[in-house]
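In what follows, a single structure is set out as structure tokens and then discussed.
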Amino acid sequence: MIHQEKMLVVSQKQIAKDIFELTLQGNLVKEMEEPGQFVHIRTNPGLDPLLRRPISIASIEKDKNQFTVIYRSEGKGTRLLSQNIEGNEVDVLGPLGNGFPVDEINSGETALLIGGGIGVPPLYELAKQLNKQGTKTIHILGFETAEKSFYENKFSELGETFIATVDGSLGTSGFVTNVLDENEIHFDVLYSCGPTPMLKALEERFHGRKAYLSLEQRMGCGIGACFACVCHVADDSTGSKYVKICSDGPVFPIGKVVLT
Amino acid sequence: MIHQEKMLVVSQKQIAKDIFELTLQGNLVKEMEEPGQFVHIRTNPGLDPLLRRPISIASIEKDKNQFTVIYRSEGKGTRLLSQNIEGNEVDVLGPLGNGFPVDEINSGETALLIGGGIGVPPLYELAKQLNKQGTKTIHILGFETAEKSFYENKFSELGETFIATVDGSLGTSGFVTNVLDENEIHFDVLYSCGPTPMLKALEERFHGRKAYLSLEQRMGCGIGACFACVCHVADDSTGSKYVKICSDGPVFPIGKVVLT
Amino acid sequence: MNRLQIELPGLSLKNPIMPASGCFGFGKEYSQFYDLSVLGAIMIKATTLEPRYGNPTPRVAETSAGMLNAIGLQNPGLEGVLANELPWLEQFDVPIIANVAGSETEDYVEVAEKISVAPNVKALELNISCPNVKKGGIAFGTIPEVAAELTKRVKEVSSVPVYVKLSPNVADIVGMAQAVEEAGADGLTMINTLLGMRLDIKTGKPILANKSGGLSGPAIKPVAIRMIYEVSQKVNIPIIGMGGIESTDDVIEYFYAGASAVAVGTMNFTDPFICPRIIKELPGKLDELKVTHISELTGRSWKMYGAKANHCS
Amino acid sequence: MNRLQIELPGLSLKNPIMPASGCFGFGKEYSQFYDLSVLGAIMIKATTLEPRYGNPTPRVAETSAGMLNAIGLQNPGLEGVLANELPWLEQFDVPIIANVAGSETEDYVEVAEKISVAPNVKALELNISCPNVKKGGIAFGTIPEVAAELTKRVKEVSSVPVYVKLSPNVADIVGMAQAVEEAGADGLTMINTLLGMRLDIKTGKPILANKSGGLSGPAIKPVAIRMIYEVSQKVNIPIIGMGGIESTDDVIEYFYAGASAVAVGTMNFTDPFICPRIIKELPGKLDELKVTHISELTGRSWKMYGAKANHCS
Ligand SMILES: Cc1cc2nc3c(=O)[nH]c(=O)nc-3n(C[C@H](O)[C@H](O)[C@H](O)COP(=O)(O)OP(=O)(O)OC[C@H]3O[C@@H](n4cnc5c(N)ncnc54)[C@H](O)[C@@H]3O)c2cc1C
Ligand SMILES: Cc1cc2nc3c(=O)[nH]c(=O)nc-3n(C[C@H](O)[C@H](O)[C@H](O)COP(=O)(O)OP(=O)(O)OC[C@H]3O[C@@H](n4cnc5c(N)ncnc54)[C@H](O)[C@@H]3O)c2cc1C
Ligand SMILES: Cc1cc2nc3c(=O)[nH]c(=O)nc-3n(C[C@H](O)[C@H](O)[C@H](O)COP(=O)(O)O)c2cc1C
Ligand SMILES: Cc1cc2nc3c(=O)[nH]c(=O)nc-3n(C[C@H](O)[C@H](O)[C@H](O)COP(=O)(O)O)c2cc1C
Ligand code: FES
Ligand code: FES
């Protein structure tokens, strides 16, 4: 069930340049299931900005009724969100969408998690759940630069973790694909979230493998009603088949939708 | 000189139903002269609401670089303003306009100050300054109801103070004019601020007396540039003479402008 | 007595609040939040003859107190709507207003004829803001004669009353309204979106893949209020008002302007519970305003305070 | 090289930022805040033949991310402006664009002829959003032939280039722009305000004494951007863009759309220092965007990304 709830800010801290970690508490957490689901956040009670902001769930703590998001403060909405302090209330709609299927991999098998920039956060809850069920996880995290990187240690605690930065200031210089080129990494299932060019590169490389990609799109409603976030389906001769990223996704099996 | 300044919130408290008292600190206070001047406050940094809100200066403490406003939290802007807490910054443009002339009355003479609702605040600084120069002040303050009344004690400390409430829950039942009817009050100069119907009643009653009225009008710029707050001038056969409330007023000698 | 009950051509509304077309899909998603039977009516997403995929993405962009959309009328097509969407909606006790769109008169006529016989479709809403392919892409809704002709053709085949949805992108909204009234429209819905655009600051590229789109949300409310105020004084058919409604006060403002019912669009996205919330708040508001029935408010702005002067800025 | 210097007909602008007409009076008030010589130009308040008192108050009302005004062209009249306002402005090193308004063609012509010879008036801005008394009150700016005729008549007498200020309250803004270009306009300024209205919730009475007014501010920016995008592709005269500018990014967006300079209106009220602030921020923004001169940005949205598709919502 999707809920709308004024959730309590338990903590908010800046964890890297422009990157904030926000923990919220409320009953909506009870509904959270799969890693990779997201919430739609109203960043202020007024009309400026008007629309909610979709943000992935980065970590869930059911016992405390809390969950955490990690986001980049960039535009109007996320900047306002970052000004919230402990004790404030934030209007959250969620949990939304379908996340990464953790039961598509067995205990003892190996999952490769590849994240780029603000695509990294949902992989953290995924890594936690996979490890919990006995699946080994390897992580490749790509960032622009060292000062915008985050959660390297948290991921390292769960499994082998490679970092790539575009400017080479941390880990491998270049993209996550450079890490793949330079290391021989074996895995059973791939899970990834990040910018479309990255996802495209992975799609080419891992065509035919078992893999799940989380996509992004500008959203209106976030629940499937407005047709803002639609994608073409691959292998559709009619050109009229589609999925909605908000309600059918954001996670899809590799090759299912046309990346644009 | 008019300044725009991000001023520090020294204190904010609710002093009656919907009525707030806000004290701000900053260099702009150095420019404040006459009681009855006002400031134009941006109630939030975003675009909703868009326009500043004109609020009278209720009290000035030059030595501390502080001044106080008293306002009714009613619409979008004033509601946002009331959410500010100590330590916040508020964007203030001011001081604006021309206030009550305190040198139009001598020490030893008696001033009658009549205020209605949120027209009461500017009279407080006026009463302070008049008393300081040795002028005696008598105050008649009209409110809707007891729970929306404020500053009765503060005015009482400065001079005899009558209260009228529309519902009779405090002081005389009715309007400030009922107080005038029921008491024989002698004065040399009248100063008043309040709703237009009240000012009109006073204008009729005290036609020909020495008196100054502070007017209100919806404003755009607050500084005389947009022609939003214009009033007709009395005794103008051409019908084209005008004054701007924001920059020529808000205080005018009785009978000078046409009250609408 | 139900103080919110409104009778309009074809529509017996238990209250005058309904979601606007395109902002509520075909109801399924919002039925997760509340029982759709509480609504006065539902304006479903535009239906075209054939299924449409719509425009490439991005299809939405935010603006100050508003948003742009260029969805491109994505919908499952007449057959899909008749086979799946409308039957599903029959479980609710709520009249459906079917929004009809097309690129040629013939499309409209065929959709109107067939959709108007669905049991729960109680009225049609003609979306005339669409580009008219035969007239070189100029919207049906910007030339009175073209809009009137379309209205007439649809009226001939429709089994239910026809409301024409006016586009605000015209100089003379009253002329447009009178033209469609004369052509037989049973009611008006107004306003559709204003044409707008946003460009990406880093690249200069239009944010919408379609480049321009429709501006909706609170930003456009003053334009809608003005148009309804003008039109309601000059026509004898009822108006369902819309454009930026975000509160119960806004609903009251639309009634004052001349609306007999209202639709909420964009704000469903920000607050999925906005329609039931307003429905719940309305009776208290009527008490505050000391009116017995909401219909007493319709047109108060001009009935009580006279007609309009000219303006120049 | 001055990276912000712009040459337009009659106007040599040290930067492309100027206050919009009616939002800056005749400059006196804002000269308390900063040296007016920093501005690219000043568009002064509309001047009419006779002094005008304007409309009754209230004359302004706030809306979501916008405001309505119905000032009614209050101004000291041609003689007053020539005798007092323009000479006072001569102390600043800044070109003046005189906004000309009237109720009949003859008024415009007389004002244009006389004001255009003032030494610091470098261009005229024809405010054609005014009701045309002889045409029953329909605005000059809603009928292309009427606007063209007015432009032609004013061009005949003006000693300086004439910019025509387009009203957005039309279905076909490109047709309007082309009509005035053909009639001899040297440039366009756009957009003037959208017609709008607000009603008091307690009474139903229009908040503006004039009932309707002009909507300005950030709310209307997407409409302005769309219109400038369309018009700039179809005319060969420069455009001064305006409508809701509140930041340096907004200025960039207007250039991308097709503007060669911009004016800031409403936001002067909220932030009296907005013009000098933007002027100061622009060079840094050009660095960020890696362009040498601001004029390189004009029209980038369509020069680099192709023309526009149709839209239907
Ligand atoms: C399913 C999903 C999950 C996401 N998870 C995260 C996350 O965990 N952390 C994070 O930092 N970001 C995440 N994003 C991206 C995030 O939604 C945008 O960065 C954010 O909406 C930008 O808002 P703003 O106020 O900073 O920008 P503005 O420029 O003010 O945004 C203007 C409008 O554009 C939309 N928009 C802008 N950029 C994007 C974008 N990249 N994707 C979608 N809409 C956009 C906004 O939602 C808004 O409607 C996610 C996006 C999606 C679709
Ligand atoms: C010179 C002057 C001095 C004032 N001093 C005080 C004071 O000391 N204390 C106080 O409580 N109020 C004072 N007011 C009235 C105060 O400005 C309004 O109550 C306030 O602007 C309403 O804002 P809002 O956000 O509550 O209402 P909203 O309804 O959100 O306001 C919408 C718009 O209408 C304008 N507006 C609404 N009511 C008024 C009004 N009565 N007068 C002028 N503009 C209005 C607002 O400024 C805004 O532009 C003064 C007004 C003026 C002109
Ligand atoms: C995402 C979106 C899709 C829309 N789709 C349609 C549509 O299919 N048919 C139609 O007539 N109007 C459509 N509209 C217009 C709305 O029904 C409504 O007229 C307009 O948005 C103004 O109302 P609002 O400001 O409350 O959104 C759409 C609006 C939005 C925001
Ligand atoms: C209070 C006010 C007065 C205006 N007066 C005039 C005027 O006299 N002549 C004119 O051409 N435009 C006038 N305008 C329109 C502005 O010049 C400008 O075109 C419009 O407001 C859009 O810009 P903005 O959104 O930045 O305000 C006025 C606008 C406002 C808000
Ligand atoms: S955001 Fe509305 S359908 Fe996905
Ligand atoms: S508020 Fe602008 S002139 Fe007074």
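Brief remarks follow.
- Counting the residues of the range B:69-92 that are of a type in the set (Asp, Glu) and surrounded by 14 or more Cβ atoms within 10 Å (Cβ to Cβ) gives 2.
- Given (1) surrounded by fewer than 24 Cβ atoms within 10 Å (Cβ to Cβ); (2) farther than 26 Å from residue B:224 by Cα; (3) in contact (Cβ under 8 Å) with a residue 40 or more places away in the chain, number of the condition residue B:104 does not satisfy: (2)
- Residues considered: D:213, D:204, D:217. Of these, the only one that is open to solvent by less than 10 Å² (accessible area, probe 1.4 Å), more than 7 Å from chain C (Cβ to nearest Cβ) and not charged (D, E, K, R) is D:217.
- Here C:86, C:68 are screened, and the one residue that is buried (at least 19 other Cβ atoms within 10 Å of the Cβ) and either part of a loop (DSSP other than H, G, I, E, B) or more than 14 Å from chain D (Cβ to nearest Cβ) (or both) is C:86.
- Failed item, numbered, when residue C:164 is tested on (1) touching a residue at least 40 places away in the same chain (Cβ under 8 Å); (2) touching a helix residue (DSSP H, G or I) at 6+ places or on another chain (Cβ under 8 Å); (3) in a strand (DSSP E or B): (1)
- Unique residue being open to solvent by 50 Å² or more (accessible area, probe 1.4 Å) and either of a type outside the set (S, T, N, Q) or in contact (Cβ under 8 Å) with a residue 60 or more places away in the chain (or both) when the list is A:166, A:230, A:176, A:189: A:166
- Of B:82, B:107, B:73, all but one fail to be in the same structural domain as residue B:211 (by TED's automatic domain parsing) and of a type in the set (Ser, Thr, Tyr); the exception is B:107.
- Listed by first and then second residue, the pairs linking a residue in the range C:130-156 that is within 20 Å of residue C:116 (Cα to Cα) to a residue that is open to solvent by 70 Å² or more (accessible area, probe 1.4 Å), with Cβ atoms under 8 Å apart and 6 or more places separating them unless they lie on different chains, are C:148/C:182.
- Residue ID - surrounded by the most Cβ atoms within 10 Å (Cβ to Cβ), chosen from residues in the range C:161-179 that are touching a Leu at 6+ places or on another chain (Cβ under 6 Å) and among the β-branched types (Val, Ile, Thr): C:164
- Checked against the criterion of being free of Cβ contacts under 8 Å to residues at least 24 places away in the same chain and surrounded by 15 or more Cβ atoms within 10 Å (Cβ to Cβ), the range B:126-143 has no qualifying residue.
- Applying the criterion of being among the basic types (Lys, Arg) and touching a residue at least 60 places away in the same chain (Cβ under 8 Å) to the residues of the range C:1-57, the residue that is nearest to residue C:125 (Cα to Cα) is C:28.
- Of the criteria (1) in contact with a Ser or Thr (Cβ under 8 Å, 6 or more places away or on another chain); (2) outside any strand (DSSP E or B), which one residue A:192 fails: (2)
- Residue selection: residue C:269 satisfies the criterion of being crowded, with 24+ Cβ neighbours inside 10 Å, at pLDDT 95 or above and within 16 Å of ligand 5 (Cβ to nearest atom).
- Test for residue C:305: is it at the interface with chain D (Cβ under 8 Å from one of its Cβ atoms) and touching a strand residue (DSSP E or B) at 6+ places or on another chain (Cβ under 8 Å): yes
- Residue match in the range D:103-126 (condition: more than 26 Å from residue D:39 (Cα to Cα) and within 11 Å of another protein chain (Cβ to nearest Cβ)): yes
- Within the range D:237-257, being part of a loop (DSSP other than H, G, I, E, B) and at the interface with chain C (Cβ under 10 Å from one of its Cβ atoms) holds for D:244, D:246, D:247.
- Strands (runs of 3 or more DSSP E) fully within the range C:1-48 counting 1 or more residues that are farther than 23 Å from residue C:82 by Cα and more than 16 Å from ligand 3 (Cβ to nearest atom): C:6-8
- Meets criteria (outside the structural domain of residue B:28 (by TED's automatic domain parsing), open to solvent by 20 Å² or more (accessible area, probe 1.4 Å) and either touching a residue at least 60 places away in the same chain (Cβ under 8 Å) or more than 21 Å from residue B:45 (Cα to Cα) (or both)) for residue B:66: no
- Residue match in the range D:175-197 (condition: within 16 Å of ligand 2 (Cβ to nearest atom), at pLDDT 95 or above and at the interface with chain C (Cβ under 10 Å from one of its Cβ atoms)): yes
- In the range D:89-137, the residues that are open to solvent by 10 Å² or more (accessible area, probe 1.4 Å) and part of a helix (DSSP H, G or I): D:105, D:106, D:107, D:109, D:110, D:113, D:114, D:133, D:134, D:135
- Residue match in the range C:280-292 (condition: open to solvent by 10 Å² or more (accessible area, probe 1.4 Å), away from chain D (no Cβ under 11 Å) and within 24 Å of residue C:167 (Cα to Cα)): no
- Residues considered: C:60, C:81. Of these, the only one that is away from ligand 5 (no atom under 16 Å from the Cβ) and either in contact (Cβ under 8 Å) with a residue 12 or more places away in the chain or crowded, with 22+ Cβ neighbours inside 10 Å (or both) is C:81.
- Residue check, residue C:223 surrounded by 24 or more Cβ atoms within 10 Å (Cβ to Cβ) and outside any helix (DSSP H, G or I): no
- Residues that are of a type in the set (Phe, Trp, Tyr), modelled with pLDDT of 95 or more, open to solvent by less than 70 Å² (accessible area, probe 1.4 Å) and within 13 Å of ligand 5 (Cβ to nearest atom) are absent from the range A:243-260 altogether.
Yes/no per residue for (1) within 16 Å of ligand 5 (Cβ to nearest atom); (2) open to solvent by 10 Å² or more (accessible area, probe 1.4 Å); (3) touching a Gly at 6+ places or on another chain (Cβ under 8 Å); (4) hydroxyl-bearing (Ser, Thr, Tyr):
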position	(1), (2), (3), (4)
A:12	no, yes, no, no
A:16	no, yes, no, no
A:29	no, no, no, no
A:34	no, yes, yes, no
A:50	yes, no, yes, no
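- Filtered residue count, the range A:128-163, keeping only those that are more than 18 Å from residue A:71 (Cα to Cα), touching a helix residue (DSSP H, G or I) at 6+ places or on another chain (Cβ under 8 Å) and among the hydrophobic types (A, V, I, L, M, F, W, C): 5
- Per the listing D:245, D:252, the residue uniquely open to solvent by less than 10 Å² (accessible area, probe 1.4 Å), within 8 Å of ligand 4 (Cβ to nearest atom), touching a helix residue (DSSP H, G or I) at 6+ places or on another chain (Cβ under 9 Å) and at pLDDT 95 or above is D:245.
The values are calculated or read from the model by the stated rules, or taken from the named source; none is laboratory data. In this text the structure is predicted, and so the values were computed from the model without any measurement. Ideal geometry is used to build each Cβ from the backbone, glycine not excepted, and the neighbour counts take in all protein chains shown. Keep in mind that these areas ignore ligands, DNA and RNA; they rest on the heavy atoms of the full protein, side chains included. Shrake-Rupley method; radii C 1.70, N 1.55, O 1.52, S 1.80 Å.
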